[in-house]
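Below is one structure; the comments refer to it alone.
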Amino acid sequence: MSVLEFLAKLCAVAAGVLLTVITLMTCASVIGRNTTGWTIVGDFELSGSAAGAAIALFLPWCQVRRGNIIVDFFTTGASAATQSRLDRLGALLLAAVMGLMAWRSAIGGINAWNAGSGSMMLAFPEWIVYCGIVPPLVLTALIALVQALRGFGEHSEASL
């Protein structure tokens, strides 16, 4: 198993665990609110932050599995070589976008750290969320770059 694919799987597992914890927290808050009047303060803030981090954590595995949306309506009649070149170009563009997002998210995290910004109810530090999304964005960019350079064939996926 390749290193990048292994890291992508770890990210996906972490995202699943994070979403499970948030689901359980939300259930506990709703049940408590409707039965005893007790609720978890700031549950919506934590849910929003965790959902954003989980989405970023799922991106590397999605790219490894080529699960991103591909609009092939105009290329169905093209040769396999042309489709492969377009797929590789798409992977290169995705690598560039993910790299840009990782860079700007890192800048945003540094700014949130310097400003000491936090959520409204809990004052949950925003920089923690940025720290959670930058590594999977970088990993997604690396995976897409390798796919752009090596292609998507069985041999190239095994060497990620």
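Since every read-out is calculated from the coordinates, none of them should be taken as a lab result. A quick note: this is a predicted structure, and the numbers were derived from the prediction, not measured. Please note: Cβ atoms are built from the backbone with ideal geometry, for glycine as well, and neighbour counts cover all protein chains shown.
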Quiz item: Can you list residues whose amide H is under 5 Å from GLY118's amide H, if they're 5+ apart or on another chain and H is modeled 1.01 Å from N?
Solution: GLU126
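In the chain, once you exclude exposed trypsin sites (Lys or Arg not before Pro) (DSSP loop, at most 15 other Cβ within 10 angstrom), what's the longest stretch remaining?
Details: sites that count: ARG65, ARG66.
Longest gap between qualifying sites, sites excluded: 67-160.
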Quiz item: From the list [x] 58, 40, 26; [y] 194, 33, 13; [z] 63, 38, 33, can you say which value of Cα extents along the principal axes in Å was derived from the structure given?
Solution: [z]
Quiz item: Taking the Cα centre of each part, how many Å lie between the range 9-74 and the range 113-140?
Solution: 16
Quiz item: Percent relative contact order of the chain, based on C-alpha pairs within less than 8 angstrom and at least six residues apart?
Solution: 31
Self-check item: Extension gain (nm, one decimal) between ASP72 and ALA14, 0.36 nm per residue minus Cα-Cα
Solution: 17.7 nm
Quiz item: In nm², what is the average projected area of the convex hull enclosing the Cα atoms of the range 42-111?
Solution: 6.4
Self-check item: Most fluctuating residue given options GLY77, GLY90, GLY67, as computed from a GNM of the chain linking Cα atoms under 10 Å
Solution: GLY77
